[in-house]
Amino acid sequence: KVFKEFLEANFNIKNITVIPAFVETSRFKYSKSLRDLYRDKLRISNQNVLIYSGGTAPWQKIDRAIGLFNHLSRKVDNLFMLFLTHEPDLVKRMIKDQIKPKDFKAIRVPHGEVAGYLCAADVGILLRDKTLTNHVASPIKFSEYMCCGLPCIISSQIGDTAEILRHGNAGIV
C-alpha cells in the first residue's frame, strides 16, 4: 500500500494493483512441537529468546539489534539472542564482546528449518534504516515472523509493517 501511494503521488501512476508478499503458510506457522524440538536443540528451553533472521547488509541494522538485546537484557532475566543469517561469522565479529557468548548464537540454517527456529523464539526483530527503499518495502521476514506467532519489535517506516503491527497489537514499533 505504501509503495502504491508513493508511485501515485510522485509519478502520477494510476491503476496500480498491490500483490501482497507471500509466505508458504504450510511451512511458516506456529507449532508447539517445533518450538519444543528447536528449543531443546539449541538448549534454550528456559530462556526468553529474541530472534533476528536475515542478512548482514548495513541497512538491516544488526548493530541496533545488538544494542536492543543489551538494553533489554538489563530488564529481562534469562534473555538469549538468536541470529539466523547466511554470514554467522560476520555477525559474531560484529558482536565482538558486546554480548556474552552464553547469551547468543549466530547460525546458518537451511531454509527448510527457518520456521522451526522462528517457532523456538519469543520475539522477532526487524530494524531498518529510515530510507525510501525501506519506507516502501514489504519484507517477507515480517510475514514469516507473524505466521510463526512472533510478536515483533520493528523500526518505523518499513512499508505497512507498523500499521499492521499496531492494528493487530502484535508488537512494538
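Across the chain, Cα pairs under 8 Å and at least six residues apart give a relative contact order of 27 percent. Between segment 114-171 and segment 1-77, what is the C-alpha centre distance in whole Å? Each part's Cα centre sits 4 Å from the other's.
Solvent-accessible surface of the chain, averaged per residue with a 1.4 angstrom probe and all protein chains in place: 57 square angstrom.
Which trypsin sites (Lys or Arg not before Pro) in segment 9-53 sit in a loop by DSSP (not H, G, I, E or B) and have at most 12 other Cβ atoms within 10 Å of their own Cβ?
Passing both the DSSP loop test and the Cβ count: LYS14, ARG43.
For segment 1-116, the fraction of C-alpha pairs farther apart than 23 angstrom is 46 percent.
The aspartates and glutamates whose alpha-carbon is closer than 14 Å to the alpha-carbon of LYS96, local same-chain residues fewer than 8 away aside, are ASP63. Ignoring lysines fewer than eight residues from LYS1 along the same chain, the ones with Cα atoms less than 19 angstrom from its Cα are LYS14, LYS130, LYS141. When a 1.4 Å probe is rolled over the protein heavy atoms, the share of accessible surface on the chain that falls to carbon and sulfur comes to 53 percent. The sum of -39500 (n - 2.57) across all DSSP H runs of n ≥ 4, divided by the residue count of the chain, sets its helix-only mean residue ellipticity at 222 nm to -11000 deg cm²/dmol. The stretch between PHE11 and GLU113, if pulled fully straight at 0.36 nm per residue, gains 32.6 nm over its current Cα-Cα span. On a straight-distance basis, which aspartates and glutamates could pair with LYS29 in a cross-link, Cα separation under 15 angstrom, same-chain partners fewer than 8 positions away excluded? LYS29 reaches GLU113, ASP122, GLU144.
The values are calculated or read from the model by the stated rules, or taken from the named source; none is laboratory data. The structure displayed is predicted, hence computed values, not measured ones. Reconstructed Cβ throughout: ideal geometry from the backbone, glycine too, with neighbour counts over all protein chains shown. The area values use the complete protein model at the heavy-atom level, side chains included, leaving out ligands, DNA and RNA. Shrake-Rupley method; radii C 1.70, N 1.55, O 1.52, S 1.80 Å.
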